[in-house]
Amino acid sequence: MRSKELMSRQTKLFTTLKKSGWDIKTSKLRTRVEELVVDSRVLEYQKLKKIGIEKIHTERMREKGIDVKIATDLLVGAFDDKYDTAIVVSSDADLVPAIDWVRNRKKKKVEYIGFSIPDMVSPEKSTKPLMMMFSKTDVQRVFSDAEMRKFIKPPESTLFSQMSKGI
């Protein structure tokens, strides 16, 4: 249920940004099975081993190939002189070589937008900006959860309940 809500919010954000002239790059989600070997890195691993669990398999949905799309756009756009300043809204360290190239070889500016959004349910899933991007870009901005809410229209039921409570 939470993933559907997050996807809905992301779609609303992308729609708003597209209406404002942003070019949004996405990629298909792929299911990836990951295997975790139960050893001393796993909390209470001895209990799991005792009941015969030696490996745990999980499924994760991951967007694949988007870093290549963004890097290609950065490089081709710089080479074709399509921009003076690129705005990178990604915290993927794989983009650093492309960022370095457009800044050093083509003398383009790169602005980095990162996010700082806490996940109260699972703090380890909190979104944090990539500190490496601060030293690799010309301008840096960090959006908080409160700042992002300005771009996302609340669902009608939430809006109605807020109005009925006088908020």
Fill in the blank from the handout: For residue 109, the lysines lying under 23 Å Cα to Cα, once residues fewer than eight places off in the same chain are dropped, come out as 18, 25, 69, 82, 128, 136
Problem - Whichever lysines have a C-alpha closer than 18 Å to that of residue 4, once near sequence neighbours (fewer than 8 apart) are set aside - result: 12, 28, 125, 153
Fill in the blank from the handout: Once amide hydrogens are built 1.01 Å from N within the peptide plane, the residues lying 5 or more places from residue 126 or on another chain with amide H under 5 Å from its amide H are 119
Problem - Cα-centre dipole for the chain with unit charges at Cβ (Lys and Arg positive, Asp and Glu negative), debye to 20 - result: 300 debye
Problem - Under DSSP loop assignment and at most 14 Cβ neighbours within 10 Å, longest GluC sites (Glu not before Pro)-free interval of the chain - result: 55-167
Exercise for the section: Could you tally the net charge around residue 10, taking each other residue with its Cβ under 12 Å from the Cβ of residue 10, Lys/Arg +1 and Asp/Glu -1? Expected result: +1
Fill in the blank from the handout: Partner lysines whose C-alpha sits under 25 Å from that of residue 47, ignoring same-chain residues fewer than 8 away, are 55
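FYI, it's all coordinate maths here, none of it is from the lab. Just so you know, these numbers come straight off a predicted model, no measurement behind them. Here the Cβ is made from the backbone with ideal geometry for all residues, glycine too, and neighbour counts use every protein chain on show.
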